[in-house]
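One structure is given here, and the rest of the page talks about it.
A short reminder: the numbers here are calculations on the coordinates, not readings from a lab. None of these values were measured; they are calculated from a predicted model. So basically every Cβ, Gly included, is an ideal-geometry build from the backbone, and we count neighbours across all protein chains shown.
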Amino acid sequence: MRVIGLAGWSGAGKTTLLAKLIPFLAARGLTVSTLKHAHHAFDIDQPGKDSFEHRASGAREVLISSARRYALVHELTGGETEATLADLLRRLSPVDLVIVEGFKAYAHPKIELHRAANRKPLLFGEAPNIRAIATDTALEVPVPVVDLDNVAAIADLVLALAEPIETVLAALGAAPAPERIKLRRS
């Protein structure tokens, strides 16, 4: 299993790119999983559904299963802290490639997505381990730069820059706690 991240400010196009990149990589014969960070509370179920009511009633975990998929919802209660990226990576089933969306302050290898219209600063130089940048503007930086709309070029970078999960877990274990890393938000 190899790991690469896509990082960028909101509106940079991470999810849009993933929706194109995943089938592109799958067509190359790779199995791909994603791990996405959310900065807010979220529900994967709707009020009134049984699984939602189980969780709302106080169940610590709710596993929803069907013939086509399953989802495990774990409620963080009683002072539990948010799971780290390393914890979450260890929970994934084996695949060829894991693409991490977000988690920009963590030390895993990343490709930054930068959209000029967002008027946000580059994460490069602030967030750790950015190995390349996909953008819609010209940049002079000491890492590879590709066009944000060139899915084939980004796929090539993903495959070239992804690292084995053991290497990523070691880097995450040796890095400072992400809560201490402050990224400027111009």
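General observations
- Amide H within-cut-off set for GLU101, under 5 Å, with H built and near neighbours excluded: LEU6, LEU35, LYS36, HIS37
- Unit charges at the beta carbon, dipole of the range 1-151: most positive-side option, GLY78, SER51, PRO23: PRO23
- Of the GluC sites (Glu not before Pro) found in the range 123-177, those in coil by DSSP whose Cβ has at most 12 other Cβ atoms within 10 Å are GLU140.
- Taking amide H atoms as placed 1.01 Å from N in the peptide plane, the amide H of TYR106 has no partner under 5 Å among residues 5 or more positions away or on other chains.
- Sequence-distant residues sharing a close amide H with ALA134 (under 5 Å, placed H): GLU112, LEU113, HIS114, VAL146
- Of PRO121, PRO144, PRO47, the one that fluctuates the most in a GNM where the chain has Cα springs shorter than 10 Å: PRO47
- Calculated from backbone phi, Karplus (6.51, -1.76, 1.60) coupling profile of the range 129-144 in Hz, x at Gly/Pro: 6, 7, 9, 6, 9, 9, 8, 10, 9, 6, 9, 10, 9, x, 10, x
- Dipole magnitude (debye, nearest 20) for the range 40-95, charges at Cβ of Lys, Arg, Asp, Glu: 300
- Size of charge dipole - the chain - debye, nearest 20, with Cβ of Lys, Arg +1 and Asp, Glu -1, no other charges: 220
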